[in-house]
Structures are given as structure tokens and as C-alpha cells.
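Structure, as C-alpha cells:
Every number in this text was worked out from the coordinates using simple rules, so none of it is lab data. Being a predicted model, the structure only gives us computed values, none of them experimental. Cβ placement follows ideal geometry from the backbone for every residue including glycine, while neighbour counts extend to all protein chains displayed.
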Amino acid sequence: MRLPVFSLAIGAFGIGMTEFVAMGLLPDIAHALQVSIPVAGYLISAYALGVVIGAPTLTILARKLNPKPILAGLMGLFALGNLLSALVPTYETLLLARILSGLPHGAFFGAGAVVAARLAPHGREAQTISLMFLGLTFANVIGVPFGTYLGQHYSWRLTFGVVAAIGVIAALGVWRWIPALDNNQHGGLRTQLQAFRSLQLWLILSVVMIGMAGMFACFSYVAPLMTRVAGFSPRTVTPILMVAGLGMVAGNLIGGRLADRAPLTSTYLLLVALAGILVVLATTAHWPAAAVTTVFLFTATAFALTGPLQLMIIRTARGAETLASAAIQSAFNIANALGAFLGGVPLAAGYGYTSPALVGAALALGGLLIALGLRRADFTTGGGVPVRPGMSEQSSVNTRPER
């Protein structure tokens, strides 16, 4: 199991790196292509647009294929998009290349999460999924600072070239190490789309879009919070973001363990904790050491939510796990856009840089109210977790009752 999941984590690392590194390279890209920084910022929106479009579209188009060629092909497309990003001569063509780079994002995580669950030991599905997402969290600790350094000291094109190489390595790893699993997505497209008639599935997606928007409402403005409120110099922002990345790593691992034990209860508790920590951050932001500590706790709590939410969506969408798992990636990107927008509203109105944290707390509580509508019984058997080859349906799922 280790090498297959490791190959998925390499792909997740590359995806995380290309998604977030562009934020630190905007001044360099803007200067090279002779556009303003706000205009260059549309490159971030272009990538997010690619994610939202590609997650359901590519998953539907590849629904009849086995997971192995799907994952390898998605990483190949990802590598191509980033290679073009490194080579294209104009802003307009780079915009298109960023959309292309974002297309495989959601579909890869969707299919990868289902494959990780199929390969997992009994009762450890969420922990195994969290190992794949470790690549994404480590990208924030190692990949993004490294890519930013390359872009600022050598060329931003080199950064995208390195990401393209990571995509090729991931594609080769997937092809070499992922076993030849059968396609377990039952029925045609109409049958799979019927899974989206489930109120429970839409409630989970809504929890992601609203509750996780609470994270992005605050995190989108964490740099000015640290410099203008906590009093750090701009040069210390990168180390602080690395501390936040370590919090994401810790939260990802903790969330996987909690999800395997009690996904719904964990979701309740983590949303309450997220709201509380964001309120605390609005106060501790005035003291440097306390501010950094609270940022670590904030990102750890937010990323701990991904495990329970991912597992619940897989267990809800019986027979359409890959499509639903891809849809949750689109929901995360909607949360990103919504949170950043709502977090900026009080700033535009003249309130201080602690106000986005309070907006985030309100959104987390909004996610909790939605989560209260979920039925516990839907997540106790794990009936939606796919069956591994050679195993019966009964032996492949976690039948322990949620505590």
C-alpha cells in the first residue's frame, strides 16, 4: 500500500505547489509579461476555474476507464499544463495554460481518494486518504517556499518547469505502483448522477462551501494580519506560512484518525473548535508569539476537517464515489473564492485586519448549522467505500458504530 499511496502523494505535492506558488510569484510574472499585479492575479482565478470545470467534466468523461490509466492520464495533463505555463510567451496564453493546469486537480483528488480507500486496511480508509493529502500539505511547507525562491532568484518559468517534472514523476509512479483495480463505478452516467439527488450529499458539499470558507476568509489575509497587527516584518511572512503549513500537516493526520472513528461527530467538534480558535486569533494577533501559535492551531483544525468530510462524501455516494469525491474538490475551491471575498468585505468597509478572522468564525458556525442536518446512520457502515479485489462487500467496509 505504501508505494501506491506515495505515488498519489507525489501528485498531490505537485498540485499543491502549482496552486499556491503563483501567489508569491505574481510580481515577477506581472513584470515579465508587462501587466499589473491585479491583472496577474487573474492567473490564480484561472486555475480555480479550471478546477471547478475539470473536476466533474474529466471524471464523467473517464468514468468507463479503470483508475490506474485515469490517474496517470490526469498527471500527464497536469504536467502538460505546467510545461506550457513555463513556455508560453504572452499573458493571454499563460491564462489558458493555467486553466489547463487546473483541469486535472479535482478529478485527480477525487479518483485518488477512492483508490486510497480501496487500498486501505479495514477501518483505516480515512487515514490512508489523509496520507495522499499529506503531499498537498507538505507542498505548503516545502514546495511553495522552494518554488517561490526559484521564481524570485532565477525565473518563474523555471518554477513551473519543476512542477511539470513533478507531474511526470507522479504519472510514472502511478503507472508503476498503482495496482490494476477494476472500475467499480456502477451503471451509466444517469445512474451516477442520481447520487446527486441525495440531500445528504448536498449537505456535505454545503458544509464544505460554507464551513471551509471560514478558513479561507482568515487565511487569505493572514500575511497582513501578521505584519500590520502582530508587528512582524514582511521578511518573516514566509517562515510564518511554513508554520501554518506544518499545522496543515498535523491537522491532516489527526483528521484521518478522527474520521475513521467518528466522522460526523468529528465534523461537529472541529467546526466548533475552528470557530472558537478564529475568535481567539482576533485577540492573540496583537502578541507575536501567541499569534503564530494560534495560526498553527487554526490551520491544524481547518485541515483536520478534510478527512471526515472526504470520507462522508465517499460513503454517501454509493456507486458514484469518484464523481462525488471530485465534486467535493470543486466545493473546496468555491469555499476558497467565497471565503476570500467575504473576508475582504469588512476590510473594504474600513474595519481592521482582525475582522476576517471573525467572519471566518461566523462561516464555521454556519457550516456547523448545516452539518446538524446530516444523518449519523449514513456514515456508520461505510457502505459507499469501494470493495478491494478479492474481498467481499461485508469485509471491505468499516462496520464499527460511530462514537
Checklist entry - Where the centroid of each part is defined by its Cα atoms, how far is region 330-378 from region 108-157 in Å? => result 24 Å
Checklist entry - Could you give me the ³J(HN,Hα) list for region 165-175, computed from phi with Karplus coefficients 6.51, -1.76, 1.60 and θ = phi - 60°, whole Hz, x at Gly and Pro? => result 5, 4, x, 5, 4, 5, 4, 5, x, 4, 5
Checklist entry - What size of dipole, in debye to the nearest 20, comes out for region 1-133 about its Cα centre when the only charges are +1 on Lys and Arg C-beta atoms and -1 on Asp and Glu C-beta atoms? => result 580 debye
Next on the checklist: From the phi angles alone, apply the Karplus equation (6.51, -1.76, 1.60; θ = phi - 60°) to region 317-326 and give each ³J(HN,Hα) in whole Hz, x where the residue is Gly or Pro.
Outcome noted: 8, 5, x, 9, 4, 5, 5, 5, 5, 6
Checklist entry - Calculated from DSSP H runs of 4 or more alone, at -39500 (n - 2.57) each and per residue, what is the 222 nm mean residue ellipticity of the chain, nearest 500? => result -25000 deg cm²/dmol
Checklist entry - Hey, how many Å between the Cα centroid of region 191-228 and the Cα centroid of region 11-75? => result 18 Å
Next on the checklist: Whole percent per 10 Å bin, from 0 to the bin with the longest distance: what is P(r) over all C-alpha pairs of the chain?
Outcome noted: 5, 24, 34, 25, 10, 1, 0
Item to check | Vicinal HN-Hα couplings computed from phi for region 239-247 (Karplus, 6.51 cos²θ - 1.76 cosθ + 1.60; Hz; Gly/Pro x) | outcome: x, 5, 5, 5, 4, 4, x, 5, x
Next on the checklist: On the principal axes of its Cα set, how long, how wide and how thick is region 207-261? Give whole Å, largest value first.
Outcome noted: 42, 23, 13
